[in-house]
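Each value in this text was obtained by applying a stated rule to the coordinates, not by laboratory testing. Computed from a predicted model, the values in this text were never measured in an experiment. Here Cβ is always computed from backbone atoms with ideal geometry, including for glycine, and neighbour counts include all displayed protein chains.
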Amino acid sequence: MGAHRYKGINSTRNNYISSCGFNEVIEVDRLTSEFSSRISGFYRKPVDERISIIAELAGLTPEEVKTLKSRGGLTMDAADRMTENVVGTIAYPFSVAVNFRVKGKDYLIPMAGEEPSVVAAASNMARLMREGEGIKATATDPVMIGQIQILEIPDMDLAIKAIEDAKDDLLKAANELDPVLVKFGGGAKDIELRPLDTEIGKMLIVHLLVDCRDAMGANAVNTMAEALAPTLAELTGGRSLLRIISNLADRRLITVECIVKKEDIGGEKAVDNIVAAWAFADADPYRAATHNKGIMNGIAAVALAFAQDHRAIEAGAHAYAVKDGRYRSMSTWGKNENGDLVGTMTLPMAIGLVGGATRSHPMAQVARKILGVQQAVDLGKCMCAVGLAQNLGALRALTQEGIQRGHMRLHARNLVVMAGASGDQIDKAVKLLVESGEIRFPKAQEIVAKLKAE
């Protein structure tokens, strides 16, 4: 291949490298081997005490504690630099899920979101999954896919052969764009060719497989795809059009597995009911949509706490759920030879710890220190562990008490706070409101008014 084929590649190289963040090392205090995420009654403690506990366990500095208390940690100036047309910021509650043990290591897992049952369910189910190494987790290499669309190809067979013959040169050209990524063991690894029959005729989709290491990879993959597109068009005699990363990251997978003893989940009948509820979701897309939404409740909450692209993560997960030709459950639940409950789940997980808002958002950096991870793959394992725990929490609630009872009990807390309850009054008011069977705001106002009068 002549040098002229790489026109435009070097011109984008320096801009990309300066923005990718691979040359920055962010120090994160690792949690000690004696550290335990098992904190009994954490939700009952006052907020200041919770912050003190997390600060001590995670080794937060006074400045990081200040960020935690800052109602979002994002100044208007910082927000204005992150995106366009900024007129304000919006904060979500920033919580910590406790009790998690993943691959023999305990984690406190930050979560951001407005739904109280998510953090409560995840923490509660994590307690049942702690035995031994806790939740098992494995991962593939962090490979993302860049897609380059080639149209108007005169001879598909010749085009495919031309690209195959030039593959080594194409990969070399892509990797010259990002020597830092290559230095860390990543970079463009392979090229796959996918002829497609479409409504407008045949086209060739070139997949560039890029190991993104600890980056989510959008910048790296898109830069490489953009640079190779003219060369691919010349090789095929066609016309390049789209050059873009795919959010179906089915080469970048996390698998988690847990075992919950039957006696801890309610006995043999409870296990059978959970398996039956899962089978319903696996067979029926109407149920699967809600079942999988529950899984993503947990995963998206962790993603938000770390300023990840939760939209890309959700898109990839739902697309992966239809990989067998129909929309199915993301998780699988069954029984082992002892009759204990076994849950497994494999999902694409396009996440990163370098570059983007993850690096620039103060709360995301505090979240990273609380979790105590250095590599993106470990964040992904924790995210999927939360998703599996959240899924079990929903299945148990649905099969044992009905989802509404648990939701309404948590909703009662919001109502009494809205009605003016504070301090010790909150728990008393929640108890009275739940016992009344009338979980409505006027009733909450009535109960809170009586408590204040006393």
Just in the stretch 50-98: which GluC sites (Glu not before Pro) are loop by DSSP and have at most 15 other Cβ atoms within 10 Å? E84
Given points 7 Å out from each Cα along the Cα-Cβ axis, report the L241 to D169 separation in nanometres with one decimal. 2.7 nm
Setting aside same-chain residues fewer than 8 positions from K172, which lysines have a Cα under 20 Å from its Cα? K7, K161, K183, K189
What list of ³J(HN,Hα) couplings, whole Hz, do you get for the stretch 441-454 from phi and the Karplus terms 6.51, -1.76, 1.60, once you set θ to phi - 60° and write x for glycine and proline? 4, x, 5, 4, 4, 4, 5, 5, 4, 5, 5, 5, 5, 6
Cα-based reach from K450 at 15 Å (exclusive), listing aspartates and glutamates while leaving out same-chain residues under 8 positions away: D424, D427
The distance between the Cα centres of the stretch 302-326 and the stretch 254-278, in whole Å, is 24 Å
Cα axis of helix 362-371 to longest principal axis of the chain: angle in degrees, 0 to 90, nearest 10? 80 degrees
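In a shell of Cβ-Cβ distance under 9 Å around V143, excluding V143 itself, what net charge do Lys and Arg (+1) and Asp and Glu (-1) give?
0
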Along the stretch 183-196, Karplus-curve 3J(HN,Hα) (6.51, -1.76, 1.60; θ = phi - 60°) to the nearest Hz, with x for Gly and Pro, reads 4, 8, x, x, x, 5, 10, 7, 10, 10, 10, 10, x, 10
Take the Cα radius of gyration of the stretch 404-453 and divide it by 2.2 N^0.38 Å, with N its residue count; two decimals is plenty. 0.96
Can you compute the FRET efficiency between T61 and R311 using 1/(1 + (r/R0)^6), with r the Cβ-Cβ distance and R0 = 22 Å? Round to the nearest 0.05. 0.10
For the chain, averaging the sequence separation of alpha carbon pairs under 8 Å that lie six or more residues apart and dividing by its residue count, the contact order in percent is 20 percent
Inter-part gap, Cα centre of the stretch 97-126 to Cα centre of the stretch 188-212, in whole angstrom, is 39 Å
What angle do you read, to the nearest 10 degrees and between 0 and 90, between the alpha-carbon axis of helix 310-320 and the longest principal axis of the chain? 80 degrees
Extended-chain gain in nm, criterion 0.36 nm per residue less alpha-carbon gap, M82 and S52: 7.8 nm
Amide H within-cut-off set for K335, under 5 Å, with H built and near neighbours excluded: V342
With each label point set 7 Å from Cα along the Cα-Cβ vector, what nm distance links K103 and D427? 3.8 nm
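Using the Cα gyration tensor of the stretch 228-285, with a ≥ b ≥ c the square roots of its eigenvalues, what is the shape: rounded (a/c below 1.5), prolate (a/b larger than b/c) or oblate (neither)?
prolate
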Tell me, in nm to one decimal, what length is gained between F280 and K293 on full extension, where the rule is 0.36 nm per residue of separation less the Cα-Cα distance? 3.2 nm
What are the lysines whose alpha-carbon lies under 30 Å from the alpha-carbon of K261, with same-chain residues fewer than 8 places away excluded? K45, K103, K105, K136, K269, K293, K335, K381
